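Peer 1: Would you mind keeping the following structure in view while I ask a few things?
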Amino acid sequence: MAPDGALYLGLDASTQSLSAVVLEASGGRHRVVCELSLPFDQTLPHYGTRHGVLPNADPALAHSSPVMWVEALDLLFAQLAAQRLDLDRLTAISGSAQQHGSVYLNDAAARGLETLHPGRALPPQVVPLLSRPVAPIWMDSSTHHECREIEAAVGGAAALAQHTGSRAFERFTGPQIRRFAIREPAAYAATDRIHLVSSFLASVLVGAHAPIDPGDGSGMNLLDLAALDWWAPAVAATAPDLRGKLPTLAPASGIAGRLSRYWRVRYRLPGAKVAVWSGDNPCSLIGLGLVREGQFGVSLGTSDTIFGPMRTPRVDAGGTGHVFGSPTGEFMGITVFSNGSLARERVRDQYGLTWEGFSRALEATPAGNGGALMLPWFVPEITPVVATPGMRRHGLAEGDAAANVRAVVEAQMLALARHSRWMDVAVDVIHVTGGAAANRPILQVLADVFGAEVHHLEVGKAAALGAALRALHADRLDDGAPMTWDVLVAGLEQPAPRVTRPNRAHRETYLAQRVRYAEFEQAEYARAGGEERSAHS
Ligand code: XUL
């Protein structure tokens with residue numbers, strides 16, 4: 001049990017904002033006592049980001065600013081210090097960050113981080129520690145060649161996936177490092193340490209280079225998941241002298257250090273423990289209470305994702321899913337679809353509907369849509385990989401607005417089911433999150449397609465909440481009084497979830513629709529691949 005009144009801070013550095021959740025622990029229970037969020041574009045407009053990304057003439061490049069992130073961190077602590085919270089009780093902090101992004105530091109960084117001056121603003125103190133002013137982030141798709149080179153050098157995509165949990169992906173850190181090393185060799189040579197967004201921000205908090213955890217580390221195409229160490233062939237295939245530039249690895253439950261003098265003096269804070277940070281997907285797993293196989297999370301946001309705990313690191317032979325480390329020390333599977341809310345919006349807009357009209361259309365149409373199907377690949381899709389976008393219909397009249405609404409939602413739910421089978425885990429329950437989770441008829445389709453209960457918790461900030469829970473977990477472990485993950489997530493006081501139960505009458509319809517969808521997707525995927533291959537030849 002945590003000391004009564006102890007406070008735990010969870011931070012989340014996402015693409016568009018920096019958020020905080022503070023938990024107060026008492027009598028074995030814990031509750032959220034403060035939530036804050038700083039959107040980058042609005043709060044720090046002088047960086048000129050749009051949705052957290054620096055504008056770039058090349059649409060394949062997606063960079064952000066590490067200095068903006070530290071300025072946001074400084075501002076967030078200033079705002080926290082101004083809350084009615086007794087921060088003397090701040091016991092431990094942990095964090096979550098967008099996955100895959102990388103920050104490049106020079107050899108002045110170790111000393112510079114250690115000696116940050118509490119009387120001076122953070123950005124000008126961090127700028128001289130960077131060997132690259134920008135950080136490529138997960139939305140970058142510029143490393144196609146680097147991916148193929150790395151895969152070839154380690155013996156193929158399957159070998160890379162077998163060891164690191166994923167074949168090479170453009171947004172993953174290894175291919176990004178390779179592109180930087182090839183294109184900017186002098187700046188690469190001047191790089192002493194390459195951090196993930198998570199380990200970089202943890203380093204700024206503790207005043208020393210912090211480690212990377214297996215969860216975020218597995219988004220790099222560099223970490224051997226079974227050995228939990230850097231995989232030498234991938235490291236060698238990625239860039240010269242890379243091994244010495246990589247941080248150490250540590251379990252997500254480890255303590256990276258304590259708040260450095262900068263934070264203690266500047267904001268009159270105690271020397272709280274800083275637990276190792278992780279990626280936003282592993283943190284969301286904990287924030288949504290997913291700690292056992294069979295529990296799945298579905299996030300219906302900009303991109304749609306399906307993820308869940310796995311006891312062993314089974315990899316996706318199809319090459320689209322990823323295995324990451326879970327904060328529990330086990331593993332998690334995740335599949336990401338790029339056509340999420342954007343595709344739903346496209347259909348809504350094409351038929352001039354509001355979200356209410358969209359919901360009514362779903363309710364007015366039959367499960368299975370009379371066999372009609374859509375492939376909502378409005379933007380290039382990553383699951384399956386379809387580089388040339390284009391929506392496809394099958395047995396679906398363009399003029400039938402309601403049928404098109406049902407078709408986009410059914411296609412997305414059928415795709416979630418089809419592309420999570422590789423995890424080989426039976427679905428007991430789905431915890432759903434993201435903007436579209438507010439739409440009850442969408443959740444009914446999700447429940448019906450999976451034949452499982454869908455629980456919608458009003459968790460606004462699942463990743464930051466997961467980070468706060470992880471801070472509590474790491475603190476207890478460090479004090480020699482560990483809490484199991486079940487006890488940890490059960491101890492969170494929160495409103496009961498809204499439950500959507502599967503309609504058993506729709507079971508047969510969706511079993512048949514799954515087969516039809518698979519055939520349609522396969523055929524169109526083969527056609528798209530054929531077109532791309534001939535376009536490139
Ligand atoms: C996961 C991924 C995204 C980012 C977003 O592989 O690229 O979910 O983590 O923050």
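The values are calculated or read from the model by the stated rules, or taken from the named source; none is laboratory data. Since the model is a prediction, treat every value here as computed from it, not as a measurement. Positions of Cβ are backbone-derived with ideal geometry, glycine not excepted, and every protein chain shown enters the neighbour counts. Side chains are part of the model used for accessible areas, which takes the heavy atoms of the whole protein and leaves out ligands, DNA and RNA. Shrake-Rupley method; radii C 1.70, N 1.55, O 1.52, S 1.80 Å.
Peer 1: Pick from the range 419-448 the residues that are farther than 23 Å from residue 326 by Cβ and open to solvent by 30 Å² or more (accessible area, probe 1.4 Å): which of them is modelled with the highest pLDDT?
Peer 2: 444
Peer 1: Right, another one. In the range 494-517, which residues are at pLDDT below 95 and part of a loop (DSSP other than H, G, I, E, B)?
Peer 2: 494, 495, 496, 497
Peer 1: Before we move on, is residue 47 over 26 Å from residue 474 (Cα atoms), in contact (Cβ under 8 Å) with a residue 40 or more places away in the chain and of a type outside the set (Lys, Arg)? Talk me through it step by step, then tell me what you get.
Peer 2: Working: over 26 Å from residue 474 (Cα atoms): yes; in contact (Cβ under 8 Å) with a residue 40 or more places away in the chain: no; of a type outside the set (Lys, Arg): yes.
Here the answer is no, as residue 47 does not meet what is asked.
Peer 1: Right, something else. Take the conditions at pLDDT below 95, buried (at least 20 other Cβ atoms within 10 Å of the Cβ) and touching a Gly at 6+ places or on another chain (Cβ under 8 Å) and apply them to residue 463. Does it pass?
Peer 2: Yes, satisfied.
Peer 1: Same structure, new question: Suppose we filter the range 293-308 for residues that are outside any strand (DSSP E or B) and more than 13 Å from the ligand (Cβ to nearest atom); how many remain? If you could, list the steps in order and put the result at the bottom.
Peer 2: Residues of the range 293-308 that are outside any strand (DSSP E or B), as a first pass: 293-294, 301-303.
Filter once more, so that each one left must be more than 13 Å from the ligand (Cβ to nearest atom): 293-294.
Of the residues in that region, 2 qualify.
Peer 1: Within the range 5-13, does at least one residue satisfy the condition of being among the small types (Gly, Ala, Ser), open to solvent by less than 10 Å² (accessible area, probe 1.4 Å) and within 16 Å of the ligand (Cβ to nearest atom)?
Peer 2: The answer is yes; a qualifying residue exists.
Peer 1: Could you check, for the range 174-195, whether at least one of its residues is within 19 Å of residue 66 (Cα to Cα), touching a Pro at 6+ places or on another chain (Cβ under 6 Å) and in a helix (DSSP H, G or I)?
Peer 2: Checked against the condition, which is being within 19 Å of residue 66 (Cα to Cα), touching a Pro at 6+ places or on another chain (Cβ under 6 Å) and in a helix (DSSP H, G or I), the range 174-195 yields at least one hit.
Peer 1: Return the residue satisfying two criteria in turn: it lies in the range 122-143 and is modelled with pLDDT under 95, out of contact with any His (no Cβ under 6 Å at 6 or more places or on another chain) and open to solvent by 10 Å² or more (accessible area, probe 1.4 Å), and of such residues it is nearest to residue 182 (Cα to Cα).
Peer 2: Among those residues, the one meeting the criterion is 142.
Peer 1: Testing residue 451 on (1) modelled with pLDDT of 95 or more; (2) more than 30 Å from residue 162 (Cα to Cα); (3) crowded, with 22+ Cβ neighbours inside 10 Å, one condition comes back false. Which one is that?
Peer 2: Here residue 451 clears every test but (3).
Peer 1: I would also like to ask the following. Here are 314, 261: which of them is at pLDDT below 95, surrounded by fewer than 19 Cβ atoms within 10 Å (Cβ to Cβ) and away from the ligand (no atom under 16 Å from the Cβ)?
Peer 2: After ruling out the rest, the residue left standing is 314.
Peer 1: Kindly indicate which of 278, 253, 338 is in contact with a Pro (Cβ under 8 Å, 6 or more places away or on another chain), of a type in the set (Gly, Ala, Ser) and open to solvent by less than 10 Å² (accessible area, probe 1.4 Å).
Peer 2: 278
Peer 1: Oh, and also: For the range 197-242, which helices (runs of 4 or more DSSP H) that fit wholly inside it have 3 or more residues that are farther than 29 Å from residue 70 by Cβ, in contact (Cβ under 8 Å) with a residue 24 or more places away in the chain and open to solvent by 10 Å² or more (accessible area, probe 1.4 Å)?
Peer 2: 232-238
Peer 1: I need the full set of residues from the range 150-196 which are among the small types (Gly, Ala, Ser) and away from the ligand (no atom under 16 Å from the Cβ), in order please.
Peer 2: 152, 153, 155, 156, 157, 158, 159, 181, 186, 187, 189, 190
Peer 1: So, one more: What do you reckon, is residue 115 polar (S, T, N, Q) and away from the ligand (no atom under 16 Å from the Cβ)?
Peer 2: Answer is yes for this residue.
Peer 1: Still on this model: Could you look through the range 264-285, keep only residues that are part of a strand (DSSP E or B) and within 16 Å of the ligand (Cβ to nearest atom), and pick out the one that is nearest to residue 488 (Cα to Cα)? Break it down stepwise before answering.
Peer 2: The first filter runs over the range 264-285 and keeps only residues part of a strand (DSSP E or B), leaving 273-275, 278-279.
Retained after the next criterion (residues that are within 16 Å of the ligand (Cβ to nearest atom)): 278-279.
Values: 278: 18, 279: 19 Å.
Checking each candidate, the answer is 278.
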